[in-house]
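The structure appears below as structure tokens.
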Amino acid sequence: MNAVLKNVWLRNAVLVVIVAIAMAIVNGLAHGEFLTRQNIFTVLEQISYNCILGVGQTFVIITAGIDLSIGSLVAVSGVVMAQVANHVGFTGVGLVVVTLLAGLAVGALAGWVNALPVVKLNLPPFITTFAMLEVTLGLSYIFSGGQPVAVNNAIFSNIGTGAVFGLPVQVIWMVVVVAIASVLLMGTRFGRYVFAIGGNEEAARLAGVATGRVKTLVYVISGMCAAIVGFMYMARFSSGSPDTGTHDELLEAIAAVVVGGTSLMGGQGSILGTFFGALLIGLLYNVMNLTHVDSYLQKVVLGVVILLAVVLDELRKRYLARN
Amino acid sequence: MHGIGKSFPGVRALWDVSLSLYPGEVLALVGENGAGKSTLMKILAGALRADSGTISIDGTDVSIASPRDAESRGIGMIYQEFNLVPQLTALQNIVLGNEPVRGAFLDERGARERARAVLEELGIQLPLDRTAAHLSVAQQQLIEIVKALSKHARIIVMDEPTAALTEREIDALFALIAQLKAGGAGIIYISHRMEELPRVADRITVLRDGAVVETRPAAQFPPGDVIRAMVGRPLDAHFPALDPVAADTSVVLDVRDLVRAPAVNGVSFAVRAGEIVGLAGLIGAGRTEIVRAIAGADVPESGVIAIDGTQIRIHAPHDGIAAGIAFITEDRKRQGLVLGMTVRENMTLAHLAQFVNRDHLISRRREEESARRMIDELRVRTPSPEQLVRNLSGGTQQKVVLAKWLLGKARVFLFDEPTRGIDIGAKAEIYGLMKTLLEGGAAIVMVSSELPEVLGMSHRILVIRGGRIVAEFSREAVTPDAVIAAAAGAAA
């Protein structure tokens with residue numbers, strides 16, 4: 001396990017260095033507002049949603065797939081969970097568990113349906129998950145009547161806005177998801193098969209890998225990550241809204257994955273990379289806000305930085321390949 | 001080419017290599033994998049730049065900085081792995097990158113005329129409007145040749161052109177080469193098949209470890225000498241002596257009435273412990289499809305497969321593996337390996353369950369132990385188990401594929417073209433390995449388009465045509481002519 005971790009750290013070394021240097025410069029520019037505990041926690045909270053979405057997406061992208069439905073899945077699972085929370089006869093922890101399980105079931109089911117045509121008919125995941133995006137977006141409006149569904153029980157808002165030792169609960173979610181996903185991807189047979197399928201699906205199949213099962217699981221994981229994010233939003237705002245998750249979330253999650261060094265061609269990538277990718281993007285926004293950069297200009301900068309990060313990563317890979 | 005030198009980080013690929021090619025001749029370039037043939041030819045084709053040395057054509061020094069430069073100087077490359085776009089038609093492939101235009105539009109008729117002119121000159125036929133994916137390997141090869149000639153190539157490099165061809169197609173190719181020679185073209189011909197050289201080559205140049213060892217007229221360079229020059233030591237026996245299989249030895253693999261239309265149409269045979277059964281036949285005869293159906297790579301429609309007397313059901317490759325079948329595919333890069341993964345990861349891929357601890361995590365340490373053991377046993381030429389397979393030579397890659405299957409406890413080994421495109425030294429090692437497997441009681445089915453290999457490494461030879469077994473020969477009774485005749489349907 002040690003060697004694996006070392007490898008992961010090495011792969012992300014460039015990103016870490018860039019982030020560190022940028023932070024030092026920026027703290028000066030932002031008159032010391034940047035490197036405060038409060039601000040760091042805020043950034044981590046802000047990135048937690050897209051980071052968790054990105055973690056699920058990382059599995060999919062390493063198999064050379066894509067999941068476009070995650071934003072809508074955040075919305076629909078949030079709405080479903082809000083309705084469940086209002087209508088089941090549980091209280092306290094039991095209510096939270098049942099609600100969360102309902103959301104995870106929605107995410108898993110959607111992921112399974114996403115994978116079905118991909119696995120059985122070899123259809124491109126771009127199409128099947130795009131269809132799922134539309135269907136679940138529509139469903140989230142139907143299930144909510146087009147309005148945010150307010151959650152009556154205060155327990156969710158306590159959970160959703162809480163903190164542990166000052167650390168926002170969203171950050172805890174993120175750390176747990178990143179840790180579990182990292183072990184799953186780097187340490188288990190399933191993770192190895194994810195890489196093998198992305199690298200050469202036919203070779204993996206002929207080596208006895210149950211490629212259909214692995215690919216299905218990858219979309220299920222992505223759907224469940226979306227459901228976790230749906231729960232986090234639902235708890236934080238005490239409501240399930242059909243608007244949540246359907247703006248920039250999809251693209252920023254993919255950006256985090258790509259900036260984190262995962263190849264859209266499949267076969268390469270890491271969970272920690274995605275975390276650092278999300279962190280880079282989050283820090284960038286934060287910095288631009290602290291230094292009062294015009295919000296229209298922020299988008300331009302973000303685009304340029306994403307491209308730069310990927311170009312740098314590619315150059316680094318070529319350099320490593322030559323040595 | 002004079003004094004060509006080229007280094008890659010950590011390796012000196014070429015040392016002061018000089019060679020000359022005259023109009024109207026075939027220069028055979030031979031050497032083991034890693035000898036530098038490909039690097040030298042890539043320099044000629046502009047895909048790589050030399051560190052030192054000069055290239056001159058018709059007495060004039062030229063600089064070849066890109067494939068486009070090489071093309072404009074009349075150099076045509078026919079790579080071992082075809083550079084065809086499978087979705088485009090034969091014609092579109094021929095003119096690809098060089099399409100005739102009328103104004104802003106493609107000139108379809110001009111393209112057709114250009115291709116027709118070359119085809120006529122060569123006296124060959126090619127369905128120009130069929131997509132490349134639907135053409136036979138031999139026809140795809142022809143596309144590459146026509147493509148090179150339509151650009152008026154005068155120097156043509158052919159890298160292992162016969163690797164995927166059957167005897168009959170090879171004859172046609174050699175006739176074509178003779179015509180090209182008569183037209184004044186110079187041809188550099190790269191091959192691992194010693195037996196072809198006297199037939200096709202005028203002169204033979206042997207490369208070893210990045211340097212020219214010897215160049216001689218082909219007539220004065222018998223295969224034994226060539227091999228000695230290539231490996232630096234005599235290789236007396238190509239094929240190890242196979243122990244005979246007693247008639248009462250138990251049957252390991254029993255195949256009855258195997259059908260998967262249209263390629264496999266009712267095939268029955270049995271293989272005993274310690275026996276190699278060779279499947280001979282033309283390309284498209286159904287040999288590969290037979291072993292694919294046994295391994296579960298394609299699911300058979302009907303038929304019975306039994307291993308050690310127990311009938312097995314195979315719906316997918318993992319069923320075959322669980323039943324003790326190892327399938328070594330013909331196409332290493334597309335089917336055998338995950339090129340972007342390490343030697344270790346490729347070796348353990350088919351039997352990862354062995355390396356999982358009780359906590360469900362893969363034991364990196366045990367993986368490494370096994371990988372290192374296989375690297376030693378098979379003498380895999382890799383700097384470490386962590387090397388990416390992409391960076392290894394063909395023969396070394398094939399050993400990684402073999403290691404992958406040796407880590408399991410397979411009873412039946414299906415070899416599909418086990419030595420395609422790999423050098424003589426590695427070939428001999430693979431044959432030795434097959435013999436070791438036999439001694440351990442394995443049953444082997446081997447598909448091969450190299451007739452000497454089928455004859456030299458099989459106890460029995462089954463000739464396949466139209467998805468059926470049309471003839472069976474024992475090792476003692478077989479002759480090359482009889483196999484060829486049966487494969488082509490001439491003896492029937």
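Among the residues of the range B:229-240, count how many are modelled with pLDDT of 75 or more and in a helix (DSSP H, G or I). Residues meeting the conditions: 2. Just to be sure before I move on: is B:G296 crowded, with 21+ Cβ neighbours inside 10 Å, in contact with a helix residue (DSSP H, G or I) (Cβ under 8 Å, 6 or more places away or on another chain), within 14 Å of another protein chain (Cβ to nearest Cβ) and on the phi > 0 side of the Ramachandran plot in the structure I sent? Answer is yes for this residue. With respect to A:G230, is the statement that it is crowded, with 22+ Cβ neighbours inside 10 Å, touching a Ser or Thr at 6+ places or on another chain (Cβ under 9 Å) and either modelled with pLDDT of 95 or more or part of a helix (DSSP H, G or I) (or both) true? Against the criterion (crowded, with 22+ Cβ neighbours inside 10 Å, touching a Ser or Thr at 6+ places or on another chain (Cβ under 9 Å) and either modelled with pLDDT of 95 or more or part of a helix (DSSP H, G or I) (or both)), A:G230 qualifies. Of the residues making up the range B:263-279, at least one is at pLDDT below 90 and touching an Asp or Glu at 6+ places or on another chain (Cβ under 6 Å). Scanning the range B:182-228 for residues that are part of a loop (DSSP other than H, G, I, E, B) and crowded, with 23+ Cβ neighbours inside 10 Å returns B:A185, B:H192, B:A201, B:G210. Only one entry of B:D171, B:D107, B:D159 meets the criterion of being acidic (D, E), under 19 Å from the mean Cα position of the chain (by Cα) and over 24 Å from B:G281 (Cβ atoms), and that entry is B:D159. For the range A:96-112, the criterion of being assigned to a helix (DSSP H, G or I), touching a strand residue (DSSP E or B) at 6+ places or on another chain (Cβ under 8 Å) and either on the phi > 0 side of the Ramachandran plot or in contact (Cβ under 8 Å) with a residue 24 or more places away in the chain (or both) is met by none of the residues. Taken over the range B:360-394, the residue count meeting the criterion of being in a helix (DSSP H, G or I) and either free of Cβ contacts under 8 Å to residues at least 24 places away in the same chain or more than 10 Å from chain A (Cβ to nearest Cβ) (or both) is 15. Annotation note: of B:T131, B:T166, the sole residue that is farther than 30 Å from B:Y22 by Cβ and touching a strand residue (DSSP E or B) at 6+ places or on another chain (Cβ under 7 Å) is B:T131. Among the conditions (1) modelled with pLDDT under 85; (2) more than 33 Å from the chain's Cα centre (by Cα), B:L122 misses just one, which is (2). Across the range B:449-490, the number of residues qualifying as under 14 Å from B:G278 (Cβ atoms) and among the small types (G, A, S) comes to 9. In the range B:384-413, the residue that is nearest to B:S38 (Cα to Cα) out of those that are within 24 Å of the chain's Cα centre (by Cα) and surrounded by fewer than 16 Cβ atoms within 10 Å (Cβ to Cβ) is B:N391. Would you tally the residues in the range A:157-203 being away from every other protein chain (no Cβ under 14 Å) and outside any helix (DSSP H, G or I)? The qualifying residues number 8. The single condition from (1) surrounded by fewer than 21 Cβ atoms within 10 Å (Cβ to Cβ); (2) in contact with a strand residue (DSSP E or B) (Cβ under 8 Å, 6 or more places away or on another chain) that B:P452 fails is (2).
Assess whether B:F221 counts as being modelled with pLDDT of 85 or more, over 22 Å from the mean Cα position of the chain (by Cα) and within 26 Å of B:G456 (Cα to Cα).
yes
Residues are listed down the side, and each one gets a yes or a no for (1) part of a strand (DSSP E or B); (2) of a type in the set (V, I, T); (3) touching a Leu at 6+ places or on another chain (Cβ under 9 Å); (4) closer than 30 Å to B:M347 by Cα:
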position: B:K409; (1), (2), (3), (4): no, no, no, yes
position: B:T419; (1), (2), (3), (4): no, yes, no, yes
position: B:A426; (1), (2), (3), (4): no, no, no, yes
position: B:E429; (1), (2), (3), (4): no, no, yes, yes
position: B:G432; (1), (2), (3), (4): no, no, no, yes
position: B:L438; (1), (2), (3), (4): no, no, yes, yes
position: B:G441; (1), (2), (3), (4): no, no, no, yes
position: B:A477; (1), (2), (3), (4): no, no, no, no
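Right, A:L302: in contact with a helix residue (DSSP H, G or I) (Cβ under 8 Å, 6 or more places away or on another chain) and under 30 Å from A:A102 (Cα atoms) or not? No, not satisfied. Evaluate the range B:334-348: report whether one residue or more is of a type in the set (A, V, I, L, M) and either in contact with a Ser or Thr (Cβ under 6 Å, 6 or more places away or on another chain) or away from chain A (no Cβ under 11 Å) (or both). Yes, the range B:334-348 contains at least one residue that is of a type in the set (A, V, I, L, M) and either in contact with a Ser or Thr (Cβ under 6 Å, 6 or more places away or on another chain) or away from chain A (no Cβ under 11 Å) (or both). Among the residues of the range B:62-69, at least one is buried (at least 16 other Cβ atoms within 10 Å of the Cβ), within 23 Å of B:I155 (Cα to Cα) and more than 27 Å from the chain's Cα centre (by Cα). Annotation note: of B:A138, B:A148, B:A178, B:A172, the sole residue that is within 27 Å of B:S20 (Cβ to Cβ), in a helix (DSSP H, G or I) and in contact (Cβ under 8 Å) with a residue 12 or more places away in the chain is B:A148.
Could you list all residues from the range A:191-229 that are aromatic (F, W, Y) and more than 19 Å from the chain's Cα centre (by Cα)? Listed by number, the list holds a single entry, A:Y193.
Every residue, every condition in (1) farther than 25 Å from A:A179 by Cβ; (2) in contact (Cβ under 8 Å) with a residue 40 or more places away in the chain; (3) within 14 Å of chain B (Cβ to nearest Cβ), yes or no:
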residue	(1), (2), (3)
A:G245	no, yes, no
A:A256	no, yes, no
A:L290	yes, yes, no
A:Y296	yes, no, no
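When the residues of the range A:268-292 are filtered to those that are among the β-branched types (V, I, T) and modelled with pLDDT of 90 or more, the one that is surrounded by the most Cβ atoms within 10 Å (Cβ to Cβ) is A:T274. For the range B:315-326, check the following and say yes or no: at least one residue is within 14 Å of another protein chain (Cβ to nearest Cβ), touching a Lys or Arg at 6+ places or on another chain (Cβ under 8 Å) and touching a residue at least 24 places away in the same chain (Cβ under 8 Å). Yes: the range B:315-326 contains one or more residues that are within 14 Å of another protein chain (Cβ to nearest Cβ), touching a Lys or Arg at 6+ places or on another chain (Cβ under 8 Å) and touching a residue at least 24 places away in the same chain (Cβ under 8 Å). Residues considered: A:L297, A:L307, A:L302, A:L315. Of these, the only one that is within 19 Å of A:Y49 (Cβ to Cβ) and either aliphatic (A, V, I, L, M) or modelled with pLDDT of 90 or more (or both) is A:L302. Would the range B:322-333 turn up any residue that is part of a helix (DSSP H, G or I) and more than 22 Å from the chain's Cα centre (by Cα)? Checked the range B:322-333: at least one residue is part of a helix (DSSP H, G or I) and more than 22 Å from the chain's Cα centre (by Cα). Just to be sure, is A:T99 within 14 Å of chain B (Cβ to nearest Cβ), surrounded by 24 or more Cβ atoms within 10 Å (Cβ to Cβ) and modelled with pLDDT of 95 or more? Here the answer is no, as A:T99 does not meet what is asked.
If you go through the range B:276-287 and keep only what is surrounded by 24 or more Cβ atoms within 10 Å (Cβ to Cβ) and among the β-branched types (V, I, T), you end up with just B:I276.
The values are calculated or read from the model by the stated rules, or taken from the named source; none is laboratory data. Bear in mind that the values here come from a model prediction, so they are computed numbers and not experimental data. Note that each Cβ is placed from the backbone with ideal geometry, even for glycine, and that neighbours are counted across all protein chains shown.
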